[in-house]
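Here the structure comes first, spelled out in structure tokens, and everything after it is commentary.
The values are calculated or read from the model by the stated rules, or taken from the named source; none is laboratory data. All figures in this text were calculated on a predicted structure; none of them were measured in a lab. Every residue, glycine among them, receives a Cβ derived from its backbone with ideal geometry; neighbour counts consider all protein chains shown. Just so you know, the surface numbers come from the protein's heavy atoms only, side chains and all, with ligands and any DNA or RNA stripped out. Shrake-Rupley method; radii C 1.70, N 1.55, O 1.52, S 1.80 Å.
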Amino acid sequence: MDAHTPTAAQLPSPDEAPLDDAVRAAGLLLEQYGHVVVAYPASLPVAHERRLYTVRSMLESHRLALVKLDLPPLATAVVVRQLRQLSICDFGPGVVASAARLLSHYVHAGALLHSVAKLDRVPVGLKSHAKSWVPGAQFAVLASPAPELIRVGSGGQSDTPLLTGPDFATRMVLARGQAQSDWVNGTLAPHWQAQGVDEVPLPAASPGWWGTPKLVEFAAFLPDIAILYQLVSSVRREACSWCGIELIGDLCGFCAAPAAAVPVASLPPGGPGGLGAPGGAQQPDRGRFLPSGVLGHGTPAG
């Protein structure tokens, strides 16, 4: 983690602390920062997600945003880190919260798996299921932005062309489970022309998400805060029809109401690769991000 990226707090899960402690922790953060964005994965247990909504309801505050990310655990941690980077820029809390959906489209997330027999979050055909029982079988799976699956031989050769990668400059982060293959950093990263590869601890939720502990999870993402700033700045801002906070996109992260005006303009053509540096001076942190329990492990450093 670089010195300029704010740290994140964790809201304890129901198994870790009673509800009163969670309400007290969230209330203190609201008092200290004004607005709080809680980014959490769609795979979060129901009891933990219910806890988040209960905390917001008990605080009776529209200054606490709940942002659900439908991404694998490592990619979720990547987007949380990007939101933390944006929190020191001159964006209001509504724009930062709604930027999560935008940034998710620019993350290429997947994993190298020794078996897809229990993978239920990415479409897997019967033929691949059958091959997963063959000793030494490996599969490269892309979950986002569009699902893909290829078989990788023991020698690192794939049966089909490699997974479709980004058409803009990215950096890659990987996390190893009970697998020591170098296919991700030795073959996929060069093919995707990744500008560097970082290795981090595997998120605790990854084995459950991918259906096996024998994996190498990876995510290619936009690491440069200047590009992130320009990407978010290029999207038209609207006012929430209920709470009036400024946002991008068509849904408010704080009260879940739609934007008052027409939907946001289309994303910039050609991806973010040609975007320039941000304009204007950076401002103090306007909010703090609370990645829920599973996000506390393996958040990429940079």
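A few comments on the model shown:
- The residues of the stretch 134-257 expose, per residue, 42 Å² of accessible area to a 1.4 Å probe.
- Distance cut-off 15 Å, percentage of C-alpha pairs in the stretch 74-120 lying past it: 52
- For the pair Arg50 and Ala257 in one chain, pulling the backbone fully straight at 0.36 nm per residue adds 72.6 nm over the alpha carbon distance.
- Two-site label geometry, Asp15 and Asp198: point separation in nm, points 7 Å out along Cα→Cβ: 2.8
- The label point for Asp182 and the one for Trp242, both projected 7 Å from the Cα toward the Cβ, are 5.3 nm apart.
- Neighbour-limited loop hits for GluC sites (Glu not before Pro), the stretch 184-265 (at most 13 other Cβ within 10 Å; DSSP other than H, G, I, E, B): none
- Neighbour net charge for Arg121 - beta-carbon separation under 14 angstrom, K R +1, D E -1: -3
- Carbon plus sulfur fraction of accessible area for the stretch 66-115, probe 1.4 Å, in percent: 48
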